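Enquirer: Let me begin by handing over the structure; questions about it come next.
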Amino acid sequence: VAGERLPKPERGKMRVHKINNVNKALDFIASKGVKLVSIGAEEIVDGNAKMTLGMIWTIILRFAIQDISVEETSAKEGLLLWCQRKTAPYKNVNVQNFHISWKDGLAFNALIHRHRPELIEYDKLRKDDPVTNLNNAFEVAEKYLDIPKMLDAEDIVNTARPDEKAIMTYVSSFYHAFSGAQKAETAANRICKVLAVNQENEHLMEDYEKLASDLLEWIKRTIPWLEDRSPQKTIQEMQQKLEDFRDYRRVHKPPKVQEKCQLEINFNTLQTKLRLSNRPAFMPSEGKMVSDINTGWQHLEQAEKGYEEWLLNEIRRLERLDHLAEKFRQKASIHEAWTEGKEAMLKQKDYETATLSDIKALIRKHEAFESDLAAHQDRVEQIAAIAQELNELDYYDSPSVNARCQKICDQWDVLGSLTHSRREALEKTEKQLETIDELHLEYAKRAAPFNNWMESAMEDLQDMFIVHTIEEIEGLIAAHDQFKSTLPDADKEREAILGIQREAQRIADFNSIKLSGNNPYTSVTPQIINSKWERVQQLVPKRDHALQDEQSKQQSNEHLRRQFASQANIVGPWIQTKME
């Protein structure tokens with residue numbers, strides 16, 4: 001505790017040796033002004049706990065607490081005042097003594113946090129969890145402050161009034177740990193103040209060097225920028241360059257003028273302070289004298305001359321060039337807007353499903369488009385001419401202009417080709433539809449009478465007949481046979497009529513023409529013709545059977561009539577004879 005060497009102890013283990021060793025310690029304690037009343041070596045060797053604890057407390061009070069001094073108070077009062085001052089800023093901490101004020105553990109944590117805030121997360125501590133608070137403070141103190149764990153958290157919490165001497169002893173360890181660090185810090189501050197006085201002039205020299213370096217570097221960086229006369233590509237870029245130059249003169253240069261003046265003032269002030277303190281005059285690094293800065297500034301002023309005028313002339317040149325480019329863009333946009341959808345329109349195959357009248361309307365519409373196309377030829381030529389002029393004037397965006405012009409020209413060629421192809425397709429379809437129309441007309445002209453013939457035939461074949469003689473039935477049979485003899489020719493006519501329809505359909509299919517509906521000239525379809533022809537074919541044999549049956553009937557009747565006539569020739573004379 002005292003940090004001093006004691007007399008060498010005796011090595012024996014007998015009672016007398018132990019008593020002699022304890023007396024040596026007691027004599028040393030007494031030499032330090034500690035009064036040991038009623039405490040003898042025999043009681044300590046015999047293990048008298050009360051005496052031993054009293055002696056330990058006396059030693060602690062003398063070496064750990066008595067030397068504490070805070071604002072003219074010492075020992076216990078000084079330690080208490082120190083604790084109050086250190087914990088004053090902390091909520092829920094009110095140190096009034098060395099017993100119950102420490103039960104919740106917050107005071108211990110506050111002392112550590114006040115001096116070493118990185119060790120304690122004070123805001124996370126809760127007043128209603130004293131055991132955690134105490135153990136946290138004890139463990140941190142032991143680990144980081146080399147203060148042994150003298151107290152037990154459970155004992156403190158479970159005791160109505162913790163032991164005052166134990167807490168005072170433990171708290172004194174914090175005082176000695178932190179007050180030593182504070183004294184070292186105070187000494188360091190005094191040394192720093194002494195060094196600060198000696199370093200002030202050096203800082204002023206460094207400031208001059210840095211300020212001079214920065215100013216010279218800015219001058220060195222700015223002069224090439226002002227001397228650069230390379231034109232930009234666009235008006236916006238040149239206008240930005242003009243705006244940058246005006247910002248330079250309005251915003252950036254004025255502070256540098258002020259820095260230059262301040263640098264000269266600082267140089268003179270530094271030289272005066274060095275002279276007054278009997279120090280050698282300050283000599284800046286090579287190239288950083290005030291005269292060097294003035295020379296660089298003169299070069300800067302020369303570079304500014306003519307820069308703004310060059311910028312304005314270059315902007316006017318770019319405006320003229322940009323106007324031409326804008327003209328190109330406008331004409332190109334108008335043309336592109338006009339061509340939008342034209343390729344799709346020319347590629348459509350609407351003529352495949354069109355009627356002849358539709359095709360004629362499409363041809364007239366296409367002729368109007370061809371006229372419109374020819375009218376736009378002049379604009380395409382103007383676009384190409386402007387693009388050529390921009391190339392000759394070395395316009396910065398010539399690649400983009402050329403690409404757009406080439407696209408327009410290529411599209412124009414495509415439109416021309418598609419226009420020609422569509423006209424050919426329309427005219428070809430028109431001819432094909434005219435052929436189909438002629439076939440439809442021929443079909444209608446031949447189908448109508450043939451249909452009437454079949455209807456008359458069906459009517460005749462189904463007509464009821466009444467005959468009385470065999471001659472009458474034979475006349476009907478002869479007429480029917482005459483009708484049957486015409487059927488092969490009728491069938492040929494039917495096949496010819498159907499062939500006309502098939503030819504029209506073949507032409508449509510071969511040329512991918514989708515016919516919109518039935519024959520516009522007649523309602524007699526091939527299905528109707530075939531259906532009626534089939535009906536005629538069915539009625540003919542039925543008529544044959546009916547006529548044959550009637551013929552048989554008439555033949556039978558004729559036989560009966562003849563028999564009756566022969567009998568009449570025999571009976572007649574006999575009756576006449578009888579009557580005579």
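The values are calculated or read from the model by the stated rules, or taken from the named source; none is laboratory data. Computed from a predicted model, the values in this text were never measured in an experiment. Cβ coordinates were reconstructed from backbone atoms using ideal geometry, including for glycine residues, and neighbour counts include every protein chain displayed. Please note that ligands, DNA and RNA were not included when accessible areas were found on the heavy atoms of the full protein model with its side chains. Shrake-Rupley method; radii C 1.70, N 1.55, O 1.52, S 1.80 Å.
Enquirer: What residue, of Arg246, Arg229, is farther than 30 Å from Glu202 by Cα, in a loop (DSSP other than H, G, I, E, B) and either of a type in the set (A, V, I, L, M) or out of contact with any His (no Cβ under 6 Å at 6 or more places or on another chain) (or both)? I'd like the intermediate steps shown before the answer.
Expert: Numbers: Arg246 fails: in a loop (DSSP other than H, G, I, E, B).
Just a single option satisfies the conditions, and that option is Arg229.
Enquirer: Hey, Met150 hits all of (1) at pLDDT 90 or above; (2) in a loop (DSSP other than H, G, I, E, B) but one; which does it fall short on?
Expert: (1)
Enquirer: Let me ask something else. Go through region 322-353 and give me each residue that's open to solvent by 70 Å² or more (accessible area, probe 1.4 Å) and touching an Asp or Glu at 6+ places or on another chain (Cβ under 7 Å).
Expert: none
Yes/no matrix, rows are residues, columns are (1) more than 30 Å from Ser400 (Cβ to Cβ); (2) open to solvent by less than 40 Å² (accessible area, probe 1.4 Å); (3) touching a residue at least 60 places away in the same chain (Cβ under 8 Å):
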| residue | (1), (2), (3) |
| --- | --- |
| Gln239 | no, no, yes |
| His252 | yes, no, no |
| Glu286 | yes, no, no |
| Trp297 | yes, yes, yes |
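Enquirer: Name the one entry in Glu459, Glu430, Glu434, Glu472 that is within 30 Å of Arg535 (Cα to Cα) and at pLDDT below 90. I'd like the intermediate steps shown before the answer.
Expert: Working: Glu459 fails: at pLDDT below 90; Glu430 fails: within 30 Å of Arg535 (Cα to Cα); Glu434 fails: within 30 Å of Arg535 (Cα to Cα).
Answer to the check: Glu472.
Enquirer: Just to verify a result, which residue in region 373-397, among those that are modelled with pLDDT of 90 or more and among the charged types (D, E, K, R), is least open to solvent (accessible area, probe 1.4 Å)?
Expert: Arg379
Enquirer: Among the numbered criteria (1) over 24 Å from Arg85 (Cβ atoms); (2) not in a helix (DSSP H, G or I), which one does Asn97 miss?
Expert: Tallying (1) over 24 Å from Arg85 (Cβ atoms); (2) not in a helix (DSSP H, G or I), Asn97 fails exactly one: (1).
Enquirer: May I pose another question? Which one of these is within 30 Å of Asp397 (Cβ to Cβ), touching a helix residue (DSSP H, G or I) at 6+ places or on another chain (Cβ under 6 Å) and modelled with pLDDT of 85 or more: Leu215, Leu263, Leu226? Talk me through it step by step, then tell me what you get.
Expert: Details: Leu215 fails: within 30 Å of Asp397 (Cβ to Cβ); Leu263 fails: within 30 Å of Asp397 (Cβ to Cβ).
That would be Leu226, the only listed residue that is within 30 Å of Asp397 (Cβ to Cβ), touching a helix residue (DSSP H, G or I) at 6+ places or on another chain (Cβ under 6 Å) and modelled with pLDDT of 85 or more.
Enquirer: Within region 299-311, restricting attention to residues that are in a helix (DSSP H, G or I) and open to solvent by 60 Å² or more (accessible area, probe 1.4 Å), which residue is farthest from Lys241 (Cα to Cα)? Quick ask: steps written out before the conclusion?
Expert: Start the filter on region 299-311 by keeping residues that are in a helix (DSSP H, G or I), which leaves 299-304, 307-311.
Retained after the next criterion (residues that are open to solvent by 60 Å² or more (accessible area, probe 1.4 Å)): 299, 301-302, 309.
Details: His299: 21, Glu301: 18, Gln302: 19, Glu309: 12 Å.
Checked region 299-311; the qualifying residue farthest from Lys241 (Cα to Cα) is His299.
For (1) modelled with pLDDT of 90 or more; (2) outside the structural domain of Tyr90 (by the TED database); (3) open to solvent by less than 90 Å² (accessible area, probe 1.4 Å); (4) more than 59 Å from the chain's Cα centre (by Cα), each residue gets a yes or a no:
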site: Glu121; (1), (2), (3), (4): yes, no, no, no
site: Arg126; (1), (2), (3), (4): yes, no, no, no
site: Asp129; (1), (2), (3), (4): yes, no, yes, no
site: Asn133; (1), (2), (3), (4): yes, no, yes, no
site: Asn158; (1), (2), (3), (4): yes, no, no, yes
site: Pro162; (1), (2), (3), (4): yes, no, yes, yes
site: Lys165; (1), (2), (3), (4): no, no, no, yes
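Enquirer: Condition test on Arg379, is it in a helix (DSSP H, G or I), among the basic types (Lys, Arg) and more than 28 Å from Asp509 (Cβ to Cβ)?
Expert: Working: in a helix (DSSP H, G or I): yes; among the basic types (Lys, Arg): yes; more than 28 Å from Asp509 (Cβ to Cβ): yes.
Taking the combined requirement at face value, the residue satisfies it.
Enquirer: Which condition breaks for Asn278 when tested against (1) open to solvent by 50 Å² or more (accessible area, probe 1.4 Å); (2) over 30 Å from Ala375 (Cα atoms); (3) part of a helix (DSSP H, G or I)?
Expert: Asn278 satisfies all of (1) open to solvent by 50 Å² or more (accessible area, probe 1.4 Å); (2) over 30 Å from Ala375 (Cα atoms); (3) part of a helix (DSSP H, G or I) except (3).
Enquirer: Now a separate question. May I ask you to verify whether Leu356 is surrounded by 13 or more Cβ atoms within 10 Å (Cβ to Cβ) and touching an Asp or Glu at 6+ places or on another chain (Cβ under 6 Å)? Break it down stepwise before answering.
Expert: On the way: surrounded by 13 or more Cβ atoms within 10 Å (Cβ to Cβ): yes; touching an Asp or Glu at 6+ places or on another chain (Cβ under 6 Å): yes.
In short, yes.
Enquirer: Just to be sure, is Leu390 over 21 Å from Ala332 (Cβ atoms), outside the structural domain of Phe510 (by the TED database) and of a type in the set (A, V, I, L, M, F, W, C)?
Expert: no
Enquirer: Further, regarding this structure: Within region 318-362, count every residue that is over 24 Å from Ala508 (Cβ atoms) and among the hydroxyl-bearing types (Ser, Thr, Tyr).
Expert: 2
Enquirer: Taking the condition under 25 Å from Ala75 (Cβ atoms), assigned to a helix (DSSP H, G or I) and modelled with pLDDT of 90 or more, does Phe108 pass? First the steps, then the outcome.
Expert: Details: under 25 Å from Ala75 (Cβ atoms): yes; assigned to a helix (DSSP H, G or I): yes; modelled with pLDDT of 90 or more: yes.
When the stated conditions are applied, Phe108 passes them.
Enquirer: Out of all the residues in region 382-414, which are assigned to a helix (DSSP H, G or I) and among the charged types (D, E, K, R)?
Expert: Step one: of region 382-414, the residues assigned to a helix (DSSP H, G or I) are 382-392, 398-414.
Of everything in region 382-414, those that are assigned to a helix (DSSP H, G or I) and among the charged types (D, E, K, R) turn out to be Glu389, Glu392, Arg404, Lys407, Asp410, Asp413.
Enquirer: Still on this structure, I have one more. Determine which member of the set Thr486, Thr469 is touching a helix residue (DSSP H, G or I) at 6+ places or on another chain (Cβ under 8 Å) and loosely packed, with under 15 Cβ neighbours inside 10 Å.
Expert: Working: Thr486 fails: touching a helix residue (DSSP H, G or I) at 6+ places or on another chain (Cβ under 8 Å).
Step by step, each of Thr486, Thr469 is checked, and only Thr469 is touching a helix residue (DSSP H, G or I) at 6+ places or on another chain (Cβ under 8 Å) and loosely packed, with under 15 Cβ neighbours inside 10 Å.
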